[in-house]
Amino acid sequence: MQNRCAAPNCTSAKPDFYSLFRFPLNAERCKTWVENCQREDLADKSPEQLFRYYRLCGKHFESSNDSSDPPTTIKDDAVPTIFDDPNKSPNEATKRGKETDEDAKSKERKKIKTCQAEANTEDPKASSEEDKHKEYLRSLFEALILLGEQNIPVTKPNRHQGDPVGLSNFEALLQYRMSCADEAMKTTYDANTECCSSLQLSRLIDVCERCIRSQVMEDVKQNGFFSIITEDLVRISEEWFLPVFLRYVDQCNHQRERFVGFLSFEGDADVLPGKLLSEMVNEWGLNMEHCRGQSHSCSWRHFTQIKAFAAKVMETYPLAVFAFRPTRALNISLASGMALSGVQLVMCTLKKIESFFNQSTSLCLELEHAISIIYPDKEEKVQELKETCCSGWTGRHDAFEVAVEVLEALLLCVDSVHDNEDLRWSDKITYDALEISKALSDFEFIMALVVLKNTMTLLRAFGRNLQGEATDIFFAAGSTKAVLHSLKEVSDNIDVYHEFWTEEAVNIAASMEISVELPRSFLRKHQSDFLQPETYYKEHLSVPVVNHTLKEVGELFTDDHMKSLRCLSLIPSVIEQNKATQPDEENMLVFKNDIPNAGSLTAELHCWWVKWSKKGAGETLPSSLHETLQQADVKFFPNMLAVLKRLGVLSTLALESGSDVAYKHFKAYMENTPDAAKSKSLALLKINNDVGYDLDSMVDVYMKTYPGEDRSS
């Protein structure tokens, strides 16, 4: 079963827009289809195999009417003829289909005859058994892939400890196949009480994972440079795993991001970084010599281990630059990595607030009512806060500023919900409201929120620009030193700043009738009769927050990384806005080892600048990296093309819509799949369901990996 077109290099890899047609069972017509689509690897397959497992899409058939659209149905004697340029006429396509290389045909015929001769010398019975076993395995893989692509659990939902792999859905599908006259399945099932054992199913899943990953790795290998991107750790089957993505630019100059699997994050902390790197290189076959960047999103729980892994990668492969990935706001990302009790209290409470108000629009209305009560004479501010609080504000660049402004209204709202005087709310909602109320009423929360607000304000514009257009990112790259200078100034004068922050937090606490005190967790462990809250929060909150932020920004936005981002000056819209100044060649020298001809860089850069700085009347210039890479004449500027493609690998640049499918599929899988149904192997199939696969290849890999498997079991 193939749910994609079998024609090589066909752009319609998935049948989103075009109908798919089976290969014919008639031997002569089937042979013609194979020859026309130029798939030599299909020449030795029987018409029955091709009919069952392979398809061609409507793009390769002439339409029966005058429409230029591909047909949705074909005649019984239809032959595919359109395979090269779909914009050319059908006659030209037919001519191309007939113009085949005679030498290639001759070699192919000799190859087939040789294979047939070898097959004839083998034991016919053994050959027959081999074919039956292959057909049987092909059916198993077909069923497994169907379940995996639809995210249908393969294992039993309530499996026992002694039965780690169940067969409920899988076996039900196999039994359905047998009822539809699947002879290979029926023969095997008749000879056995169990059609597929638990061990065999585990092996099938493992081979499927390896084949999908191998296909992704091959695609990355063909396209050169890439970056490693990891997400926050996930827990599957009681183990911690690190999700890994690869970003690269394909041969059509499109940015791509692929999910390549989970790395086990279990083991001794000292050897874990080396183990992770070794698995990627030795088991996955990743050529790290071509790695040009790395980006890691992690929570405070695993911050130290992830940083150690990033350092190990950088130590072994110095060109793998550490970079920021703008899937989250910069301030939220930095705060999430701080292992400080006050900061984590704030971050955890913000998540609870978001989840709480997403439960019901009535809760949002309750919050709006509370805002009106807190600000009775400020209509404009009330309206602004109401609009803000209905737009997912907890993940914004100004999340901490907004939280301070609505803090009193939030407490009033959740207290009212918890009281539940009119019995409007469920027990769960009232309990959640109580949990949030306890957090908001804690002075440690207020103090941490004020410190985060005042520290992250320095990064707000910088972080927003990093998630903007090419012009915004180019501007952000030039403002990094100013941001670092501001953070350094705060760090050097932390005594003065902390005094102001403490005063602000005390005033907020007074207005909310909250006492100023040390954290309860600290009081339980230490004698603090002579320790003042101001001193404690300076040493345990203000100083660590500022120092962590300064250190992380310095590591995420190094000089070489910023030079790379300033190469966005090659984007035509950026050139047009700064046409008085030619892009700085020095920035591009950071890629000197990756460009084809550094000697002609100066002249080529000048020609590129002249080309785009002369904007014609009414002309719209490309404004993004994607649009620039798709310009037809970019191929005449090989050095510029190389620089632009290297930029496309950097994780700091947000992907164009449609290129981030793997990340969206990953998030959907982790959020929507029950914990008991999650599988690190089948997740790879579900997330990469647009990656081409070949059942015959999976069968071959399986038989080579497990050559001694008992075929009667």
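The values are calculated or read from the model by the stated rules, or taken from the named source; none is laboratory data. As the structure is a computational prediction, the values presented were derived from the model and not from experiment. Every residue, glycine as well, gets a Cβ built from its backbone with ideal geometry; the counts of neighbours run over all protein chains shown. For accessibility, only protein heavy atoms count, side chains too; no ligands or nucleic acids. Shrake-Rupley method; radii C 1.70, N 1.55, O 1.52, S 1.80 Å.
List of remarks:
- With the convex hull of its Cα atoms as the shape, region 343-404 has an orientation-averaged projected area of 4.2 nm².
- For the chain, size of Cβ-based charge dipole, Lys and Arg +1, Asp and Glu -1, in debye: 1780
- Residues with amide H under 5 Å from that of residue 6, placed H, sequence gap 5 or more: 55, 56, 57
- Nearest-0.05 FRET efficiency for residue 472 and residue 424, computed from C-beta distance (R0 41 Å): 0.40
- Flagged links, alpha-carbon separation over 18 Å, of 45/134; 579/614; 312/592; 275/704; 307/551: 312/592; 275/704
- Overall size of region 381-528 from C-alpha positions, given as principal axis extents largest first: 55, 43, 28 Å.
- Förster-model FRET efficiency, 41 Å R0, residue 532 and residue 369, C-beta, rounded to 0.05: 0.60
- Exposure ranking of 152, 229 by accessible area [1.4 Å probe, largest first]: 152, 229
- Here region 649-708 is treated with +1 on each Lys and Arg Cβ and -1 on each Asp and Glu Cβ, and its dipole about the Cα centre works out to around 240 debye.
- In region 515-599, the chymotrypsin sites (Phe, Trp or Tyr not before Pro) that fall in loop regions by DSSP, at most 11 other Cβ within 10 Å: 530
- Accessible area per residue was computed with a 1.4 Å probe on protein heavy atoms; residue 46 scores about 40 Å².
- Inter-part distance where region 355-409 and region 416-448 are each reduced to a Cα centre, Å: 15
- The equivalent ellipsoid that matches the C-alpha gyration tensor of region 604-652 spans semi-axes of 20, 14, 9 angstrom, in descending order.
- Cα-based helix-to-principal-axis angle, 27-37 vs the chain, degrees rounded to 10: 50
- Distance between modelled label sites at residue 146 and residue 523, nm, 7 Å Cα→Cβ extension: 6.4
- Angle in degrees between helix 695-705 and the longest Cα principal axis of the chain, rounded to the nearest 10: 80
- The Rg/Rh ratio for the chain, using Cα coordinates for both the radius of gyration and the Kirkwood hydrodynamic radius, is 1.03.
- If a spin label sat at a point 7 angstrom from the Cα of residue 289 along the line to its beta carbon, no backbone N atom of region 623-663 would be nearer than 11 Å.
- Equivalent ellipsoid, region 592-713 (semi-axes from 5 times Cα gyration tensor eigenvalues, Å): 46, 21, 13
- Charge-dipole axis of region 226-375 as Lys and Arg at +1 and Asp and Glu at -1 on Cβ define it, positive-most pick from 320, 331, 347: 331
- Antiparallel bridge percentage (DSSP; both residues within the chain; nearest 5): 75
- Each of 407, 648, 565 was placed along the dipole of the chain (beta-carbon charges, centred on the mean Cα), and the one lying farthest toward the positive end is 648.
- On Cα atoms only, tilt of 361-374 relative to the major axis of the chain in degrees: 20
- Cα-based convex hull volume of region 265-336 per residue, rounded to whole Å³: 96
- When the convex hull of its Cα atoms is viewed from all sides, region 235-301 shows a mean projected area of 5.9 nm².
- Working from label points 7 Å from Cα in the Cα-to-Cβ sense, the residue 703 to residue 513 distance is 8.0 nm.
- Listed residue (262, 56, 375) projecting farthest to the positive dipole end of the chain, Cβ model: 56
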